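Below you'll find the structure, written out as structure tokens, and then a few comments.
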Amino acid sequence: MDDVKDLPAYHWSHGTWFRMPLGYLNPQGPAEMIPILTDPNRFAELLAANAARTGYVAETGCFDPSGLPDYNPGRPFAFWYPSGDYIPFDLGGPAAVTDCPDGDCDPTDPEDRFSVFISTEWGPLPGPDPTPRSSLRMLLDWADRARRGEPQPGEDASFRESAWIEPVSGTDDYAIFDDDGTVITFFHCFHRRIEQGRPGAYCRGWFHDRETGLVAFVVIPFELGQLGTAEYWRGPIGMIREKIAEWSVTYPEQGATEDATEP
């Protein structure tokens with residue numbers, strides 16, 4: 001089955017087509033979906049048959065957001081960081097896993113591997129008066145608070161440290177907020193899972209890329225969060241943006257050859 005994971009698979013979201021090796025779709029879904037996921041024409045038929053949930057218009061191939069729910073999650077993907085390779089097994093949903101040969105995971109060690117889980121959606125709905133989706137409204141609200149100098153979520157008892165206020169110890173729950181003008185990022189990092197003897201300490205949150213309109217839910221291992229002023233999370237966020245740009249393609253006309261899908 002490993003060779004199947006290298007087949008080109010297709011995804012469409014909010015008017016944009018993507019093509020990537022099948023292995024990046026995680027979970028991949030049932031085996032009977034593989035012939036559909038790897039054929040853009042059949043995948044387009046599936047989108048059209050579920051237009052009420054996808055917004056896909058069969059006649060034009062365009063995106064029509066009318067009638068879609070406010071929260072419309074996209075396809076989940078996953079890859080190893082820092083290699084960018086797909087993870088060959090099913091994560092089973094939003095999960096954080098590591099693969100560290102010596103058992104001591106270090107985000108600066110190129111031999112250590114960290115999972116990056118992403119569920120994509122997109123930003124403001126098109127039209128003369130764009131309406132942000134719920135997750136994007138949340139991020140934009142946090143950005144506005146930061147600009148006004150107001151407290152952010154996490155500056156209370158539920159998160160004992162806030163990365164934008166002081167260096168992070170790495171031994172407690174904390175929150176990360178950043179807005180560099182292009183990307184807004186917000187993570188909650190849960191160290192108490194370690195204290196409670198539970199596996200898989202992780203950081204989870206959202207980021208919004210203003211350049212592309214992408215909004216993504218992201219889960220990374222705790223080690224890829226922040227320690228002191230070392231912002232390890234910037235590496236995975238940057239790689240997600242690179243993958244999205246790399247996978248964006250032009251959908252071929254019906255019956256066209258696969259070469260027509262090249263960017």
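The values are calculated or read from the model by the stated rules, or taken from the named source; none is laboratory data. Keep in mind that this is a model prediction, so the values were computed, not measured. So basically every Cβ, Gly included, is an ideal-geometry build from the backbone, and we count neighbours across all protein chains shown.
Quick check, is residue 198 in a loop (DSSP other than H, G, I, E, B) and either among the charged types (D, E, K, R) or at pLDDT 85 or above (or both)? Yes: the conditions hold for residue 198.
Could you go through the range 100-107 and let me know if any residue there is over 19 Å from the mean Cα position of the chain (by Cα), small (Gly, Ala, Ser), modelled with pLDDT of 65 or more and within 29 Å of residue 250 (Cβ to Cβ). No: zero hits. Taking the range 218-229 as the range and being part of a strand (DSSP E or B) and either at pLDDT 90 or above or on the phi > 0 side of the Ramachandran plot (or both) as the test, the residues that pass are 218, 219, 220, 221, 228. Regarding the range 232-251, can at least one residue be identified that is of a type outside the set (S, T, N, Q), out of contact with any strand residue (DSSP E or B) (no Cβ under 6 Å at 6 or more places or on another chain) and at pLDDT below 90? Checked against the condition, which is being of a type outside the set (S, T, N, Q), out of contact with any strand residue (DSSP E or B) (no Cβ under 6 Å at 6 or more places or on another chain) and at pLDDT below 90, the range 232-251 yields no hits at all.
Of everything in the range 233-253 that is of a type outside the set (Val, Ile, Thr), outside any helix (DSSP H, G or I) and within 23 Å of residue 63 (Cα to Cα), the residue that is nearest to the chain's Cα centre (by Cα) is 248.
Name, by its number, the condition in (1) more than 23 Å from residue 216 (Cα to Cα); (2) touching a Phe, Trp or Tyr at 6+ places or on another chain (Cβ under 9 Å) that does not hold for residue 50. With respect to (1) more than 23 Å from residue 216 (Cα to Cα); (2) touching a Phe, Trp or Tyr at 6+ places or on another chain (Cβ under 9 Å), residue 50 is out only on (1). For the range 201-216, filtered to residues that are under 17 Å from residue 114 (Cβ atoms) and at pLDDT 85 or above, the residue that is farthest from the chain's Cα centre (by Cα) is 202.
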